[in-house]
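Asker: Submitted below is the structure of interest, expressed as structure tokens.
The values are calculated or read from the model by the stated rules, or taken from the named source; none is laboratory data. Source: prediction; values computed, not measured. Neighbour counts run over all protein chains shown; Cβ positions are idealised from the backbone, glycine included. What goes into the accessible areas is simple: the full protein's heavy atoms, side chains included, and nothing from ligands, DNA or RNA. Shrake-Rupley method; radii C 1.70, N 1.55, O 1.52, S 1.80 Å.
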Amino acid sequence: MAEKNLKQTPLFDYYVEKGLKLTDFGGWALPIQFTKIQEEHDAVRQTVGIFEASHMGEILIKGSNVLEWFNQIITNDTQRISLNDAQYTAIVNENGYTLDDLIYYYVAENTLFVTPNAGNKDKILAWLNEHNSDNTVEIVDQSAEYGLIAVQGPNSEKVLKEIVAPEVLELNNFQMFSQQTIAGVDSVRISKTGYTGELGYELYIPWSETTEVWETLLNVGESYGLKECGLGARDTLRLEAGMALYGNDLSEEITPIEGGIAFAVDLNKENFIGKEALETVKNDPNRYMSRGFELTGKGIARQGYKVYETEESTKVIGEVTSGTKSPTFKKAIGFAQIRKPFAKINDRIFVEIRNKRVPAKII
């Protein structure tokens, strides 16, 4: 079984018992779907779905100056968050290119809980340690200690109401409560965050208890239309919601300003790694911009497809970074990196699909 050679999440045995086809996602064995992507996608949009994301990294950073230290590492501003708050940010290198986009949480006094993408965890951990040579902070990799379940959709609050303390549901968006109990499982971190564009929560659960919580959610969620969801629906949901995916829309060749997350870059704060390079990018009139588009002709745009200004033009003005057929809107949509002079909203562009120029509109 090929997936046996991949890293296994807490639900691996559960997936095997169900006979699910598993795929390599950043070195981890995860299911693309449980039933049909359309059904799982619709459940999140209309009722509620659950995803396993235990492959994500978790890093605890502690120290009396942790906010000031971390502020020099990230593009956003730690001074903007309060205790229990979360913040979306990027970490870039000296040239401004994106090492990762991530969410971190201010979970306790002098303590941050950082959640890098799975494929970037080791890289980010090494980067943090490299910039902590004087041991200003304590950095602990807790990735092997937590499983992660996302509960997403309009009915997510109703499902959690069955198994969590009432005060948990008082969380504001982008907040986390630590040391919670869910269905008898202690030491759970719960955040009001997600990757679908819907009301949702993410549950950081002790690794060995993840399957128990998953099965509890299935039981209590049945009457609310809950469905298990895989990587396929996760991708269509995030793309409809306009959320970037590292490795597609962001990478070590794309800056956060070019990758559509300039809102997470604060160039007004004091110096941070990559600031000077990002200022140069922002002021470049010919820089790339991340733009959403929808095809007005037939086809589906995929990552790497070239973008042209006209049907006859030989000049490439951009490249598709993500693309799919939207299950909600029944049309082909995507993200593309497009040169700024050609990136106006409602402009017509052409995507080359199988040697044919297909018209699209920037949206």
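Asker: Scanning for something touching a residue at least 60 places away in the same chain (Cβ under 8 Å), under 22 Å from residue 236 (Cα atoms), part of a loop (DSSP other than H, G, I, E, B) and open to solvent by less than 20 Å² (accessible area, probe 1.4 Å), does the stretch 281-302 turn up at least one residue?
Answerer: Looking through the stretch 281-302, none of the residues is touching a residue at least 60 places away in the same chain (Cβ under 8 Å), under 22 Å from residue 236 (Cα atoms), part of a loop (DSSP other than H, G, I, E, B) and open to solvent by less than 20 Å² (accessible area, probe 1.4 Å).
Asker: So, in the stretch 80-99, how many residues would count as being part of a loop (DSSP other than H, G, I, E, B) and over 27 Å from residue 281 (Cα atoms)?
Answerer: Adding up the residues that qualify gives 3.
Asker: Which one is surrounded by the fewest Cβ atoms within 10 Å (Cβ to Cβ), of the residues in the stretch 47-67 that are over 30 Å from residue 159 (Cβ atoms) and touching a Phe, Trp or Tyr at 6+ places or on another chain (Cβ under 7 Å)? Give the steps one after another, and end with the answer.
Answerer: First, pick out the residues of the stretch 47-67 that are over 30 Å from residue 159 (Cβ atoms): 61-67.
Filter once more, keeping what is touching a Phe, Trp or Tyr at 6+ places or on another chain (Cβ under 7 Å): 61, 63.
On the way: 61: 22, 63: 18.
Here the residue is 63.
Asker: Answer yes or no as to whether residue 92 is touching a Leu at 6+ places or on another chain (Cβ under 7 Å), modelled with pLDDT of 95 or more and either crowded, with 16+ Cβ neighbours inside 10 Å or closer than 17 Å to residue 66 by Cα (or both).
Answerer: Answer is yes for this residue.
Asker: Based on this model, can you work out whether residue 33 counts as open to solvent by 20 Å² or more (accessible area, probe 1.4 Å) and touching a helix residue (DSSP H, G or I) at 6+ places or on another chain (Cβ under 6 Å)? Steps first, answer last, please.
Answerer: Details: open to solvent by 20 Å² or more (accessible area, probe 1.4 Å): yes; touching a helix residue (DSSP H, G or I) at 6+ places or on another chain (Cβ under 6 Å): yes.
Criteria met by residue 33.
Asker: It is to be established whether one or more residues within the stretch 135-149 are aromatic (Phe, Trp, Tyr), within 30 Å of residue 326 (Cα to Cα) and either touching a residue at least 40 places away in the same chain (Cβ under 8 Å) or open to solvent by less than 10 Å² (accessible area, probe 1.4 Å) (or both).
Answerer: Taking the stretch 135-149 first, the residues aromatic (Phe, Trp, Tyr) are 146.
Filter again for within 30 Å of residue 326 (Cα to Cα), leaving none.
Checked against the condition, which is being aromatic (Phe, Trp, Tyr), within 30 Å of residue 326 (Cα to Cα) and either touching a residue at least 40 places away in the same chain (Cβ under 8 Å) or open to solvent by less than 10 Å² (accessible area, probe 1.4 Å) (or both), the stretch 135-149 yields no hits at all.
Asker: Something else now. Out of the residues in the stretch 269-314 that are farther than 16 Å from residue 257 by Cα and among the aromatic types (Phe, Trp, Tyr), state the one that is nearest to the chain's Cα centre (by Cα).
Answerer: If we take residues in the stretch 269-314 being farther than 16 Å from residue 257 by Cα and among the aromatic types (Phe, Trp, Tyr), then 293 is nearest to the chain's Cα centre (by Cα).
Asker: Scan the stretch 318-334 for residues that are under 13 Å from residue 362 (Cα atoms) and of a type in the set (A, V, I, L, M, F, W, C) and jot them down.
Answerer: Hits for the stretch 318-334 are 320, 332, 333.
Asker: Going through the stretch 14-62 one residue at a time, which ones are modelled with pLDDT of 95 or more and of a type in the set (Gly, Ala, Ser)?
Answerer: 19, 29, 43, 49, 53, 54, 57
Asker: Residues 184, 242: which one is under 21 Å from the mean Cα position of the chain (by Cα) and on the phi > 0 side of the Ramachandran plot?
Answerer: 242
Asker: Need pairs with beta-carbon distance below 7 Å; first residue closer than 22 Å to residue 274 by Cα and of a type in the set (Asp, Glu) and within the stretch 90-114, second part of a strand (DSSP E or B) and open to solvent by 10 Å² or more (accessible area, probe 1.4 Å); sequence gap 6+ or separate chains.
Answerer: Correct list of pairs: 100/246; 101/246.
Asker: Within the set of pairs 6 or more residues apart or between chains, which connect a residue that is under 19 Å from residue 189 (Cβ atoms) and of a type outside the set (Val, Ile, Thr) inside the stretch 54-82 to a residue that is open to solvent by less than 20 Å² (accessible area, probe 1.4 Å) and in a loop (DSSP other than H, G, I, E, B) with Cβ atoms less than 8 Å apart?
Answerer: These pairs meet every condition: 54/9; 54/11; 55/9; 56/116; 57/116; 62/137; 70/137.
Asker: Which numbered condition trips up residue 217, out of (1) assigned to a helix (DSSP H, G or I); (2) within 27 Å of residue 172 (Cβ to Cβ); (3) open to solvent by 40 Å² or more (accessible area, probe 1.4 Å); (4) not basic (Lys, Arg)?
Answerer: (3)
Asker: In addition: When you scan the stretch 198-213, do you find a residue that is open to solvent by 40 Å² or more (accessible area, probe 1.4 Å) and under 17 Å from residue 157 (Cβ atoms), even just one?
Answerer: Yes, the stretch 198-213 has at least one match.
Asker: Also, I was wondering about something else. Which ones in the stretch 2-42 are touching a residue at least 60 places away in the same chain (Cβ under 8 Å) and among the polar types (S, T, N, Q)?
Answerer: Hits for the stretch 2-42 are 9, 23, 33, 35, 38.
Asker: Are any residues in the stretch 68-84 among the acidic types (Asp, Glu) and surrounded by fewer than 17 Cβ atoms within 10 Å (Cβ to Cβ), and if so, which ones?
Answerer: Selection gives 68 alone.
Asker: Is there any pair linking a residue in the stretch 202-225 that is within 22 Å of residue 18 (Cα to Cα) and small (Gly, Ala, Ser) to one that is at pLDDT 95 or above and assigned to a helix (DSSP H, G or I), with Cβ under 7 Å and at least six apart or on different chains, and which?
Answerer: Correct list of pairs: 221/159; 225/43.
Asker: Being open to solvent by 30 Å² or more (accessible area, probe 1.4 Å) and closer than 14 Å to residue 249 by Cα is the filter here; which residues of the stretch 305-328 pass it?
Answerer: Scanning the stretch 305-328 gives 305, 319.
Asker: Could I ask something else about it? Suppose we filter the stretch 220-252 for residues that are open to solvent by less than 50 Å² (accessible area, probe 1.4 Å) and either small (Gly, Ala, Ser) or in contact with a Lys or Arg (Cβ under 7 Å, 6 or more places away or on another chain) (or both); how many remain?
Answerer: Looking only at that region, the number is 11.
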